[in-house]
Amino acid sequence: AATAAKFVYDFHEGNKDLKDLLGGKGANLAEMTNLGLPVPPGFTITTEACKVYLADGAEPPALRDEVSAHLDALERRMGKRLGQADDPLLVSVRSGAKFSMPGMMDTVLNIGLSDACLPGLAAQAGDERFAWDSYRRLIQMFGNTVQGIDGELFENAIEAARSAKGVATDVELAAADLEALVGTFKDIVARETGRPFPQDPREQLDLAVRAVFDSWNGERAKLYRRQERIAGDLGTAVNICSMVFGNLGPDSGTGVAFTRDPASGQQGVYGDYLQNAQGEDVVAGIRNTVPLAKLQDLDRASYDELLQIMETLETHYRDLCDIEFTIERGKLWMLQTRVGKRTAAAAFRIAVQLVDQGLITEAEALQRVSGAQLAQLMFPRFDNGHKGDLLARGIAASPGAAVGKAVFDSYTAVKWSRSGEQVILIRRETNPDDLDGMIAAEGILTSRGGKTSHAAVVARGMGKTCVCGAEELEVDTKRRQLTAPGGEIVDEGDVVSIDGSSGKVYRGRVPVVPSPVVEYFEGRMHAGAEDADELVVAVHRLMSYADRIRRLRVRANADNFDDAARARRFGAQGIGLCRTEHMFLGERRELVERLILADTEEERDAALTELLPLQQRDFVQLFEVMDGLPVTVRLLDPPLHEFLPDITELSVRVALAESRQDHNENDLRLLQAVHRLHEQNPMLGLRGVRLGLVIPGLFTMQVRAIAEAAAQRRAAKGDPRAEIMIPLVGTVQELELVRDEAEAVIAEVEAARGVALKLTLGTMIELPRAALTAGQIAESADFFSFGTNDLTQTVWGFSRDDVEASFFTAYLEKGIFGVSPFETIDKDGVGALVRDAAKAGRATRPDLKLGVCGEHGGDPESVHFFHEVGLDYVSCSPFRIPVARLEAARAAA
Ligand code: ADP
Ligand code: MG
Ligand code: MG
């Protein structure tokens, strides 16, 4: 018989590379077990079992026996059995997908506890209070997460017990109070579910496992997956882990730790510890934690061992790790580790630190950061010199400068942000229910919880500004207001500013300044300076690794002196797209009007002759800033009516003038021209190369301006490298016609100026026909530049301006798009054309230069694609250049 599928792995059977099968938590528990670290024994039910359950609506038949076998082994190893009256084994049931997901069911602790074995647990521990505390936690967590009972019912009951006793925290409740609380909790369960709390330990276990499976398809989990682009069919694993107890008195406790500061990347001891507590207490911010360094005074031996283990883990994983641990009566236990989330700034700093420690290579360091993070670091921040109206100070949990209107619940956050408002979500603490509000908000502010609270962890993951634990602030979500220490009140809708880098909270709008990273790229801040900002140094070093490793070159889309100069400062290796239409605006519009209205050849030539020196001057400037680097100039592309007045406005003007019997000859001619040029689908109308072929002299004027400008630069001992680009070509004949004319003009200028200009001539590939006949087109082109904006429009058959607002949201929601094809290249459709056209073009002409100049040139995922299909360069807007440089290197590393 074929060997049955294996659905359960003991911790010592797995390892960290089995995340697909065991989930992140399970794989890392296995890894720690095999490293010989103190992990409570247990086993993991695989994601495969979950997938079967989700597909069939029932657990795979073999699962029950496999779980029994592993449970049996665990019981033998621990010397106690689940439900054993005099000494019960308790376990936790913990969800754990490949990627950690806040929307999923977390964990149920103390599974196995029942009325029958509670006295046994109390006797073994010599602590009756502990046993009742563990029982009430079980019923609370099980009731809430497995049975779906509103958590507030339990919270309110605890609150009532505390106030009845007149105490502030649950540690002050005695055994008898907790016993009574267990009674209340059981009543809640019976009332809410119609049956008593399950007393059979195995039933508790099985129901909890099933609840973890089900939580994969919970609404919040689905929302999170969409947001983070995690596939919907991965499933989750379930970890069954024998319990260790942090709630056994003052020599016990539980904590979280980071091997480095996840906010700044600094090395040191970071984390929080809570004495006499179990599991979630630390993260939930229920009681005040102490900084991890304090553990040194509380339990020196455990502290030293923990630091030792942290070093082991960091060296082993070669990255920042975050850790969950518990101390049970002086014995340290490791409950979780993973490569920890971090802010963008920390990611850059940690990557270079690890290179310096010899733990990772430069190429690996590039994989530890991303273009998205770099983009985040380039956002402006609050002006240090500002005198904002400081309301309070919290913990700097996730950096950035966020300004918006105060809202106190997720629903309002979503509603207001949909209507275009910027909002700051203010909560006492957040929980997974707040996820959509957090996504909608510019920033998140909480009055409780530390750097490891839900708000902080989720905000860092999303790259969203967050200040947490601003304890001086009184947040009243019912009255929708916040009270600052001086009694000052912020109501819903009032503007607040929060600084995620300093933790400061201000009333009103605080002004922002450029980030030091932008100052560095601008050349106004130097990485080599004595007092250089550490982040700037890290960015500088990673960018230099990137420039060494990448194969793709990066150019800029720029059509004026300022943009071109900035692009060069930001590392552009030329201009990939200079749009000449921008040179036809302003006061030159009148000349263009004259060109369009020209009735005779003389009139037309006159207009062109006036435009020529103006264009030439623009090009001279560009060739000068980009001296020695290629500059691709695209000849006029947009439909001519774009240069004429708006049809409605003009019609009104003419009608008004007529009613006054006041004829304006020019307006009348203009109106005729506007009517003549009006098109139903201008995007598919008279534009691009078609203009050049039907308006005599237009393209030749532009070519002449380019050639003359190049000659002028050469005379000035410059090194101009102009490339002339013809837009919207669909067939090689179009290109040949334009090329013949252009070459004649260039030859004329060369002869007149006595120089060889070495201008090249190529085309955009932005129509499906051009892509499909790329082999022929390459006969007549020195280069191709893929215009992926137009190519996306023409391949999909939709006009970007018309459809993005109308149906893209529906398409994204229905999952037809994972992301807009205008943002990230559609690899299967548009991308396939690019790949094939590149190949066909190079087959005709092996030295054909290939680039891309659509918006995709600055999009990380698309940059990786263009690297893979072998393009020579990407071109993007000046501010995206550093991102493209970094991503091009990440693609090559
Ligand atoms: P999450 O994914 O939300 O972190 P975990 O499964 O890690 O959920 O568990 C939640 C909390 O319970 C954590 O603080 C964890 O350390 C604690 N915990 C989990 N299993 C055990 C156990 N076997 N003994 C003691 N504490 C546990
Ligand atoms: Mg955990
Ligand atoms: Mg185009």
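Anything in the range 645-672 that is acidic (Asp, Glu) and assigned to a helix (DSSP H, G or I)? List them, or say none. Break it down into steps so the answer makes sense when it comes.
Going residue by residue through the range 645-672, those that are acidic (Asp, Glu) are 646, 649, 658, 662, 665, 667.
Once the filter is applied, which keeps residues that are acidic (Asp, Glu) and assigned to a helix (DSSP H, G or I), the range 645-672 yields 649, 658, 665, 667.
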Helices (runs of 4 or more DSSP H) wholly inside the range 824-893 that include at least 1 residues being outside the structural domain of residue 556 (by TED's automatic domain parsing), crowded, with 19+ Cβ neighbours inside 10 Å and at pLDDT below 95: none
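If you check 602, 488, which single one turns out to be over 27 Å from the mean Cα position of the chain (by Cα) and touching a residue at least 24 places away in the same chain (Cβ under 8 Å)?
Details: 602 fails: touching a residue at least 24 places away in the same chain (Cβ under 8 Å).
Exactly one residue qualifies, and that residue is 488.
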Inside the range 439-457, can you point out the residues that are of a type in the set (Val, Ile, Thr) and part of a strand (DSSP E or B)? 444, 446
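Taking the residues in the range 507-526 that are under 14 Å from residue 423 (Cα atoms) and part of a loop (DSSP other than H, G, I, E, B) as candidates, determine which candidate is farthest from the chain's Cα centre (by Cα). Quick ask: steps written out before the conclusion?
The initial filter retains those residues of the range 507-526 that are under 14 Å from residue 423 (Cα atoms), namely 507-509.
Narrowing the set further to residues that are part of a loop (DSSP other than H, G, I, E, B) leaves 508-509.
Working: 508: 28, 509: 26 Å.
Step by step, filter the range 507-526, then rank; the result is 508.
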Inter-residue pairs, beta-carbon under 6 Å, first outside the structural domain of residue 630 (by TED's automatic domain parsing) and in the range 719-734, second basic (Lys, Arg), 6+ apart: none
Going by what's in this entry, would residue 836 be described as touching a Lys or Arg at 6+ places or on another chain (Cβ under 7 Å) and touching a residue at least 40 places away in the same chain (Cβ under 8 Å)? no
Does at least one position in the range 604-626 carry a residue that is of a type in the set (Ser, Thr, Tyr) and over 30 Å from residue 856 (Cα atoms)? yes
Among the residues that make up the range 770-792, is at least one of them more than 13 Å from ligand 3 (Cβ to nearest atom), in contact (Cβ under 8 Å) with a residue 40 or more places away in the chain, closer than 27 Å to residue 596 by Cβ and in the same structural domain as residue 846 (by TED's automatic domain parsing)? no
The residue from 264, 252 that alone is more than 20 Å from residue 343 (Cα to Cα) and either over 27 Å from the mean Cα position of the chain (by Cα) or surrounded by fewer than 23 Cβ atoms within 10 Å (Cβ to Cβ) (or both) is 252
Residues of the range 40-59 being part of a helix (DSSP H, G or I) and either closer than 16 Å to residue 19 by Cβ or of a type in the set (Asp, Glu) (or both), which ones? 47, 48, 49, 50, 51, 56
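Only one residue in 538, 564, 572, 556 is part of a helix (DSSP H, G or I) and closer than 15 Å to residue 721 by Cβ, so which one is that? Give the steps one after another, and end with the answer.
Details: 538 fails: closer than 15 Å to residue 721 by Cβ; 572 fails: part of a helix (DSSP H, G or I); 556 fails: part of a helix (DSSP H, G or I).
The match here is 564.
Given the options 111, 149, name the one that is surrounded by 17 or more Cβ atoms within 10 Å (Cβ to Cβ), at pLDDT 95 or above and touching a Gly at 6+ places or on another chain (Cβ under 6 Å).
Values: 111 fails: touching a Gly at 6+ places or on another chain (Cβ under 6 Å).
Exactly one residue qualifies, and that residue is 149.
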Here's a check for you: in the range 260-278, which residue that is in contact with a Lys or Arg (Cβ under 8 Å, 6 or more places away or on another chain) and within 16 Å of ligand 2 (Cβ to nearest atom) is farthest from residue 291 (Cα to Cα)? 278
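Can you find a residue in the range 698-714 that is over 16 Å from residue 759 (Cβ atoms) and either touching a residue at least 12 places away in the same chain (Cβ under 8 Å) or basic (Lys, Arg) (or both)? Explain how you work it out, then say what you get.
Residues of the range 698-714 over 16 Å from residue 759 (Cβ atoms): 698.
Still in the list and also either touching a residue at least 12 places away in the same chain (Cβ under 8 Å) or basic (Lys, Arg) (or both): 698.
Yes, that holds for at least one residue.
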Condition check for residue 319: assigned to a loop (DSSP other than H, G, I, E, B), buried (at least 20 other Cβ atoms within 10 Å of the Cβ) and among the acidic types (Asp, Glu): yes
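Return the residues of the range 473-506 that are in a strand (DSSP E or B) and either surrounded by fewer than 20 Cβ atoms within 10 Å (Cβ to Cβ) or at positive phi (or both); say none if nothing qualifies.
Residues of the range 473-506 in a strand (DSSP E or B): 474-476, 481-483, 489-491, 495-499, 504-506.
Hits for the range 473-506 are 474, 476, 481, 483, 489, 491, 495.
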Unique match (being at negative phi, in a loop (DSSP other than H, G, I, E, B) and exposed (fewer than 15 other Cβ atoms within 10 Å of the Cβ)) among 470, 529: 529
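For the range 686-703, what are the residues that are over 21 Å from residue 631 (Cα atoms), within 16 Å of ligand 3 (Cβ to nearest atom) and assigned to a helix (DSSP H, G or I)?
690, 691
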By residue number, the members of the range 79-120 that are within 14 Å of ligand 1 (Cβ to nearest atom) and assigned to a helix (DSSP H, G or I) are none
Inspect the range 686-702 for any residue being within 30 Å of residue 716 (Cα to Cα), assigned by TED's automatic domain parsing to the domain that holds residue 765 and more than 47 Å from the chain's Cα centre (by Cα) and give the result as yes or no. yes
Top-ranked residue of the range 316-343 - restricted to ones that are more than 29 Å from the chain's Cα centre (by Cα) and among the basic types (Lys, Arg), ranked as farthest from ligand 3 (Cβ to nearest atom): 329
Of (1) closer than 25 Å to residue 257 by Cα; (2) in contact (Cβ under 8 Å) with a residue 60 or more places away in the chain; (3) assigned to a loop (DSSP other than H, G, I, E, B), residue 460 satisfies all except one. Which? (3)
Failed condition for residue 257, given (1) among the hydrophobic types (A, V, I, L, M, F, W, C); (2) in a strand (DSSP E or B); (3) more than 16 Å from ligand 2 (Cβ to nearest atom), with all others met? (3)
Would you please name the residue that is farthest from residue 238 (Cα to Cα), looking only at residues in the range 143-201 that are among the basic types (Lys, Arg) and touching a residue at least 12 places away in the same chain (Cβ under 8 Å)? 165
Note on the range 378-420: residues part of a helix (DSSP H, G or I) and free of Cβ contacts under 8 Å to residues at least 60 places away in the same chain are 410, 411, 413, 414, 415, 416, 417, 418
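Conditions tested, residue by residue: (1) over 23 Å from residue 453 (Cβ atoms); (2) in a loop (DSSP other than H, G, I, E, B).
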position	(1), (2)
304	yes, no
309	yes, no
338	no, no
341	no, yes
346	no, no
354	yes, no
Any residue at all in the range 114-129 that is surrounded by fewer than 19 Cβ atoms within 10 Å (Cβ to Cβ) and within 18 Å of residue 212 (Cα to Cα)? no
Are any of the residues in the range 732-751 away from ligand 3 (no atom under 16 Å from the Cβ) and over 28 Å from residue 601 (Cβ atoms)? yes
State whether one or more residues within the range 625-641 are in a helix (DSSP H, G or I), over 23 Å from residue 763 (Cα atoms) and either within 16 Å of ligand 1 (Cβ to nearest atom) or among the acidic types (Asp, Glu) (or both). no
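The values are calculated or read from the model by the stated rules, or taken from the named source; none is laboratory data. What you see is a predicted model; the values in this text were computed from it and never measured. Ideal geometry is used to build each Cβ from the backbone, glycine not excepted, and the neighbour counts take in all protein chains shown.
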